[in-house]
Amino acid sequence: MWRAAQVERSLLLQAVLAWIVRGSKDVGCDHIMGTSGQLYRWALQNPQLVAPVLLDYDVLEYKSPLMASLTDTALIVSAAADMTANFNLTSSSSAGSASSAPQKYVLQTIQFRKPPLVAEGTKQELSHELEAVLVHREVTGSGYFANIIVPIEVSAEPSLDLLAPLLDSAELPKQVGEVSPVLVSSLPVKLAHIFANVSFQHFWGEVTTSCNSASAGARILMRNVTMATSKSRLQRVLNLLKYVPDQPPTPPPVQTWLVQPCRRGSTTCSIPAATDLSPQLAEAQAAVTNGTTKLDAAKQAMDASLSALTGNETQISNDVYTTAIRNRDNLRNAQAAVDGATRTVDMLQAQISSAASAVWDSDAPAQTAQTAQTAQTAQTAQTGQAAQAVSSSSSNSSPAAAAATTNLTNATNSTTSAASAASAASAVLLASHTEVDGCNADLASPADVDLSTTEHVDVGQSGDKASQALLFWRLAATPGLPSEAAAAESAAIVPKLRIENLGDRLRIRSKKPLMVVLAEGLELPVSFADISVPGQHSLAGKRAAAEVQLVHMPDDPSKAVAVSLQMDAGDAENSWFQHMGDSLPRAGDATEVQGTDPMTMHPAFSRGVAGHFFRYNGRLLKDSRCARIRWHVLEERGHISNRQLATLREILRPPGSSEMDPSALSPMLLRSQRKVSLASVRSYTQTAASPDSKQNAGYDRPSPSLKSLLLSLPRRKSRGQTLST
C-alpha cells in the first residue's frame, strides 16, 4: 500500500515537471499579450485612399478600478475582463459571402509612452507630447494585433480628457515593476471618445508579443486628431517616463489608408467615398500657369526698376526707389506662389499615382496565422502532455491516479465550455449596449447658425439694455478720465503674437491677453483669436468674406465667451491684418510677429463700444461637444482688402470642409499657453490702482461713463446693413 502511494506521487511529480519544462519553452504563451510597437512619424493622408472596410466599435464607459504597471518604456493600464471595448473590421468586398466574418479586436492594454524625438528643424504632422496606444488582439483566428495610437496634447480646454479619470486620486507606480490601481475616482473612463467623430490612418506594422518575444503582424491605426489633457496630468505621466531614452521616429509606409469608424448599431454606418483629386490637380496646374505668368510680369517690372536705378545713379528719385522696392516684393511673392502651387501639383500627382496602384491589405504579414495558433497549441500541448503522463501512470498504479486523470480532463473540457458560453454571452451583451451621446449635443457651432434666428441686442433703442453694451480696451489702456484716455491708449503695451495655422483657421495668441472685453458686466481677457475664410456665421444664408473670433477661454469651458467680427472684402487694407505680413505660416506651421494695435482691427474697437450684435449659446466647433460658449456677433461689419483675403485663402481651407488635413487641429487639442486671469490683466493695467496711488493722485479715478460711450454709437440702419460712423 505504501509502495503504491509512493509510485503515484513519483509519476504525478514527473507529469508536473514535464508541464513545467514545456512551459519554460513557451514563456508568456498561455495568454499572448502585445506591445505598443514602434514609434512612428505621423502618417500623411491621401484622400483618395479610403479603406474598403467598416470599423464598427462597441466601447462603453467603465468605472471600476484598473491595474497599472510601470515598465522601462511605458505606463501600462491593463483592461479588465468585464470591460466592453472592442471593434470589428468587415471587408465590403466579402459582404454576404461565407468568408465575410469580421475580424474582431478586443482591448488588452492602454500603454502611455513618450512620443519619438524628431530631428531639429523638422516636425510631426500632429504636434503632441504623449502617446496612448490601445493594444488590441484579434480573437477570431487571424492572430493579428491592432494598435490604435492616440496623440495627446496639453490644452486650455481638456473637456474630453482621457487621463483625468485614470489618474485623478490615484497613486501611480513610481518604480519599474510596481503595480497600483488607477481609475479610483468617481469619474468613468470613456474610451468611446477616441473613436467618435474622427478618422484613422491605417498601415501594417509589427509588435513584439509575450510569447517567447516573437513578432506578430499588427494593424497600426493613427488617430488624425489629437486629444487633450491638462498640463499637470501630462507632467505626472512624463515624470514616470523621464528615464526612457529618446528614439527617432520610424517613417510610415507611403501608402496609408483612411479608416472611418462608426458606433456599432448605428443606422448610418457606411464606407466614405474616396475624394477625386483630379479637379484639385487641374486647379493646381492652372494656378502654376497663372502664377508663372505673374512671375514673368513681376520679373520684367523688376528688370525695369533695376535699369532705372542703375541708369542714373546720381539722381534717383524717391518714387523710383519706392517702385523698385514694391517690384522686388511682388517678385518674391510671385515666386513663392509658383513654388507653393508646384508643390501642390507634385503632391496631388503622387497621391493619385499611389491610389491607382494600392491594394487593401496587400502588405499584411503572412506569418501572423502561426502566432494565432501559438497560444492554443501551447496550452493544448501542455494539457495533453500532463494528461498523458498521468494517464500512463494510472495504468500501473491505484485508482487515485486514474481519478486525477479524469479530473484533469474534465477541468479542461469545463474550461472550454465556459469559454464558449462566455463568448456567447459576451456577444449578446455587446449587441445590446449603446453609447450615450455627449454633453451639449443641442448646441450648434457657428457654421450651423444663421444669425437671423438668434437674439438681436440693440442697445441704442432700449434703455434697459444699456448695461449689455460690449466695451473694448487695450491691455494697458486706462479707462479713466476722458482727458487722459488718449495718453493711456498711446502708451499701450502691444504683446508679441504667435500665429498658428490649424488648417482651416489661423490661431493668434500671446503670453498676455490680446485685449480686454467687457461683456454682460464681466471683464474678460481675450485668450486667443481665430481667423477663418470664409466666415462661419451666416446672415440670411450669406457668409462674410472672413471672420475673426476673439475667445475668452476660462478654466471652466462651459463659461467661455466669444466676440465675432464679420469682415467684408474691398480695396481698403486692414492695418491689423497688414501688420502680420504676407508670409503667414502654412498648415501645421507657426510663426511669431510683433503685435500691433488691436484697436485698429474693427471700427467698434476704435470707438471702444458696440451696441448692436447677435447673441446665442453655442460651441466653438462641431467637435467641441462639452464647451459652451456665449457668442456675441457684431452687426457692424469690418473690412479686409481683396489682397489680404487672397493671402488667407492661399493658406487656409474653408471651415468644416470635407478635406482632412492632418495639421488641422481642434482648438481644444492645441498646446496650452499660460492661463490668463483677470488678476494678471490688472497687473499690466492701472485700472486696479492701489489706495496709496489714488491718494497720491489726489482723487479717485472714476470709471468711464457708459452713457457717454453709448452716445458715440453709430446710428443703426436696417438689420444686416453697414452702420454709419
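The values are calculated or read from the model by the stated rules, or taken from the named source; none is laboratory data. Model, not experiment: these values are computed from the prediction. Cβ: placed from backbone, ideal geometry, glycine included. Neighbour counts: every protein chain shown. Only protein heavy atoms, including side chains, enter the accessible area calculation; ligands, DNA and RNA are left aside. Shrake-Rupley method; radii C 1.70, N 1.55, O 1.52, S 1.80 Å.
Among the numbered criteria (1) in a helix (DSSP H, G or I); (2) under 30 Å from Ala164 (Cβ atoms); (3) open to solvent by less than 50 Å² (accessible area, probe 1.4 Å), which one does Arg236 miss?
So the condition that Arg236 fails would be (3).
Which residues, taken from the stretch 239-261, are part of a strand (DSSP E or B) and buried (at least 19 other Cβ atoms within 10 Å of the Cβ)?
Those that are part of a strand (DSSP E or B) and buried (at least 19 other Cβ atoms within 10 Å of the Cβ): Trp257, Leu258, Val259, Pro261.
May I ask you to verify whether Ala284 is open to solvent by less than 80 Å² (accessible area, probe 1.4 Å), assigned to a helix (DSSP H, G or I) and of a type outside the set (Lys, Arg)?
Here the answer is yes, as Ala284 does meet what is asked.
Mind checking which residues of the stretch 143-153 are of a type outside the set (Ser, Thr, Tyr) and at pLDDT 90 or above?
Phe145, Ala146, Asn147, Ile148, Ile149, Val150, Pro151, Ile152, Glu153
Of these, Asp56, Asp72, which one is touching a Cys at 6+ places or on another chain (Cβ under 9 Å) and at pLDDT 90 or above?
Asp56
Give all pairs with beta carbons closer than 7 Å in which a residue from the stretch 609-637 that is among the hydrophobic types (A, V, I, L, M, F, W, C) and assigned to a strand (DSSP E or B) meets a residue that is at pLDDT below 80 and open to solvent by less than 10 Å² (accessible area, probe 1.4 Å); count only pairs at least 6 apart in sequence or on separate chains.
Ile629/Leu620
Mind listing whichever residues of the stretch 639-662 are open to solvent by 80 Å² or more (accessible area, probe 1.4 Å) and either modelled with pLDDT of 60 or more or outside any loop (DSSP other than H, G, I, E, B) (or both)?
Those that are open to solvent by 80 Å² or more (accessible area, probe 1.4 Å) and either modelled with pLDDT of 60 or more or outside any loop (DSSP other than H, G, I, E, B) (or both): Asn642, Arg643, Arg649, Glu650.
Those residues that are in a loop (DSSP other than H, G, I, E, B), on the phi < 0 side of the Ramachandran plot and of a type outside the set (D, E, K, R), I need them from the stretch 577-608; list them, please.
Ser583, Leu584, Pro585, Ala587, Gly595, Thr596, Met601, His602
Take the stretch 262-271 and flag every residue that is in contact with an Asp or Glu (Cβ under 7 Å, 6 or more places away or on another chain) and either of a type in the set (A, V, I, L, M) or open to solvent by less than 50 Å² (accessible area, probe 1.4 Å) (or both).
Scanning the stretch 262-271 gives Cys262, Arg264, Cys269.
Scanning for something on the phi < 0 side of the Ramachandran plot, in contact (Cβ under 8 Å) with a residue 12 or more places away in the chain and under 33 Å from the mean Cα position of the chain (by Cα), does the stretch 287-304 turn up at least one residue?
yes
May I ask you to verify whether Thr140 is at pLDDT 80 or above and open to solvent by 10 Å² or more (accessible area, probe 1.4 Å)?
Here the answer is yes, as Thr140 does meet what is asked.
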